[in-house]
Amino acid sequence: MKKLFIETLGCAMNSRDSEHMIAELREKDDYETTTKLEEADLILINTCSVREKPVSKLFSELGVFNKKKKEDAKIGVCGCTASHLGKEIIKRAPYVNFVLGARNVSKISEVLHKDKAVEIDINYDESEFAFKDFRSSPFKAYINISMGCDKSCTYCIVPKTRGEEVSIPLNLIVNEAQRSVDNGAKEIFLLGQNVNNYGRRFSNDDHKKVNFTYLLRELSKIDNLERIRFTSPHPFHMDDEFIEEFANNPKICKSMHMPLQSGSSKVLRDMKRGYSKEWFLNRVEKLKSMCPEVSISTDIIVAFPGESDEDFEETLDVMRKVRFEQIFSFKYSPRPETEAQHYTNVVDADVASQRLTTLQSLHTEILDEINASQMGKIYKVYFEDLNQDMYVSGRTDNNFVVKVKGSDELLGQFRDVKITAIGRTILTGEIVE
Ligand code: SAH
Ligand code: SF4
Ligand code: F3S
């Protein structure tokens, strides 16, 4: 068999795309994966372009890969940066053999055999739905429920790299979930840029028109499926029906991602997010009142153009009120083909760095308090990873990572665990059964 080295950057959608490419190459071209670049016959980088840094890193990394690779090994650039830079990549790095956009990963085997192919069409193509069942974890199945994004957040490049939003037909999703459960997975993880906007547009009128809540109900009927997770829901689409289903459906994990972006209603307007600070807090209140055990994670951008000290204070205010379990926080990064790249009221770079530090230290304080209060609690943990030093780790329903002493016999199993020690990113416990 030939050897494939694949590096996956970016979000869970890219991870799923990589699984699909690995499966296609295995089936059609006899490849198996390797972690050693030097022995690879094919090197793939599945890229992310959501911020500028990973894009500039790409070209230095390509240079290194080109030096280290076997003489006749091919290099392919896939994913979101491939979508937005296209043939520019081959211009800047002429040794790259092909460029394959985020929406075209099903064509991996085709482009492999065409030197200098650039396949970056973001228009809808039915082959996008036909993802292979291969998964890197036997315990959890990532399943796409929609492609692309129809929003126009002014900072975001994703709609340009992944195209229009198209929902995958209900029966295909349910069948894929059923197959993954038949293959041993007890958890599914639904993926889309706006999962709770599911049903917005199907590829043709024959597909049953249903919404995300309906999809969740259908999926939870699958026997032996124990846990359902999803990302990302959009705060704008968190209606009462959705929150009630989330709270009342025992198979849905009580961990919600609520991407805030900013706590200032003025900045949210400039970002065109479609909700205000008050709406966001109202949704959190509804969620916490119906589901007190919920843990909430978020994404925050600091120093969006025009963000004043007072606007930033509003973000800190939301942080204090919601007390997110997890935050993914970034300095605003201007992106090509977005509206905000033309905004001139740029925030000073030192102020931006200071704000990020302030935000992250506030979060660390909150997290330390949340973690400390977990001591002695008993959680059901689904074990997925074998760590060093004879530890096995997994997640609680509400997404805390917990490790216990144990062997691979625990993998794929649920156990009740009592928390006995606290770390910042991982809790330690003992099995209580
Ligand atoms: N569809 C998801 C987001 C996908 S992008 C949603 O709406 O929540 C993942 C995260 O990257 C975003 O939530 C945002 O916080 C961050 N991001 C996107 N564009 C960015 C930019 N130009 N600068 C900094 N962070 C950005
Ligand atoms: Fe980007 Fe907004 Fe779409 Fe999320 S909802 S992918 S932030 S445009
Ligand atoms: Fe990055 Fe594309 Fe995901 S830009 S965050 S890999 S959708």
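Could you list all residues from the range 107-150 that are of a type in the set (Ser, Thr, Tyr) and either within 16 Å of ligand 3 (Cβ to nearest atom) or within 18 Å of His84 (Cα to Cα) (or both)? It would help to see each step written out before you state the result.
Taking the range 107-150 first, the residues of a type in the set (Ser, Thr, Tyr) are 109, 124, 127, 136-137, 142, 146.
The answer is Tyr124, Tyr142, Ser146.
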From Phe383, Phe324, grab the single residue that is assigned to a loop (DSSP other than H, G, I, E, B), surrounded by 20 or more Cβ atoms within 10 Å (Cβ to Cβ) and not aliphatic (A, V, I, L, M).
Phe324
Examine the range 360-376 for a residue that is within 16 Å of ligand 1 (Cβ to nearest atom), outside the structural domain of Ser49 (by TED's automatic domain parsing) and either at pLDDT 95 or above or surrounded by 15 or more Cβ atoms within 10 Å (Cβ to Cβ) (or both), and state whether such a residue exists.
yes
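One residue is enough: does the range 110-127 have a residue meeting the conditions acidic (Asp, Glu) and either part of a helix (DSSP H, G or I) or touching a residue at least 40 places away in the same chain (Cβ under 8 Å) (or both)? Don't jump to the end; show me each part of the working.
From the range 110-127, those acidic (Asp, Glu) are 110, 115, 119, 121, 125-126; that's our starting set.
Cutting the leftovers down to either part of a helix (DSSP H, G or I) or touching a residue at least 40 places away in the same chain (Cβ under 8 Å) (or both) gives us 110, 126.
Checked against the condition, which is being acidic (Asp, Glu) and either part of a helix (DSSP H, G or I) or touching a residue at least 40 places away in the same chain (Cβ under 8 Å) (or both), the range 110-127 yields at least one hit.
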Any pair with Cβ under 8 angstrom, 6 or more apart, that starts in the range 148-162 at a residue that is under 16 Å from His237 (Cβ atoms) and ends at one that is within 10 Å of ligand 1 (Cβ to nearest atom) and among the β-branched types (Val, Ile, Thr)
Cys149/Val158
Within the range 188-236, can you find the residues that are touching a strand residue (DSSP E or B) at 6+ places or on another chain (Cβ under 7 Å) and of a type in the set (A, V, I, L, M, F, W, C)?
Ile188, Phe189, Leu190, Leu191, Val195, Phe202, Leu216, Leu219, Leu225, Ile228, Phe230
Can you confirm whether the range 186-205 contains a residue that is open to solvent by less than 10 Å² (accessible area, probe 1.4 Å), more than 16 Å from ligand 2 (Cβ to nearest atom) and not basic (Lys, Arg)?
yes
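How many residues are part of a strand (DSSP E or B), open to solvent by 60 Å² or more (accessible area, probe 1.4 Å) and touching a residue at least 40 places away in the same chain (Cβ under 8 Å) when one looks only at the range 327-353?
Our first condition is that a residue be part of a strand (DSSP E or B); within the range 327-353, this holds for 327-331.
So of that shortlist, the ones also open to solvent by 60 Å² or more (accessible area, probe 1.4 Å) come out as 328, 331.
This time we only want the ones that are touching a residue at least 40 places away in the same chain (Cβ under 8 Å), so: none.
Residues that pass the stated criteria total 0.
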The one condition in (1) under 20 Å from the mean Cα position of the chain (by Cα); (2) surrounded by fewer than 19 Cβ atoms within 10 Å (Cβ to Cβ) that Cys149 fails to fulfil:
(2)
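Residues checked against (1) surrounded by fewer than 21 Cβ atoms within 10 Å (Cβ to Cβ); (2) not acidic (Asp, Glu):
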{"site": "Thr231", "(1), (2)": "yes, yes"}
{"site": "Asp239", "(1), (2)": "yes, no"}
{"site": "Phe246", "(1), (2)": "no, yes"}
{"site": "Ser255", "(1), (2)": "no, yes"}
{"site": "Gly263", "(1), (2)": "no, yes"}
{"site": "Leu268", "(1), (2)": "no, yes"}
Quickly run through the range 123-161 and pick out the residues that are under 30 Å from Tyr382 (Cβ atoms) and among the charged types (D, E, K, R).
Glu128, Lys132, Asp133, Arg135, Lys140
Flagged in the range 295-309 as under 15 Å from the mean Cα position of the chain (by Cα) and open to solvent by 10 Å² or more (accessible area, probe 1.4 Å), in numbering order, are Ser297, Asp299
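The values are calculated or read from the model by the stated rules, or taken from the named source; none is laboratory data. Given the structure is predicted, the values throughout are model-derived calculations rather than measurements. No Cβ is skipped: glycine too gets one built from the backbone with ideal geometry, and neighbour counts run over all protein chains shown. Calculation scope for accessible area: heavy atoms of the full protein, side chains included, ligands and nucleic acids excluded. Shrake-Rupley method; radii C 1.70, N 1.55, O 1.52, S 1.80 Å.
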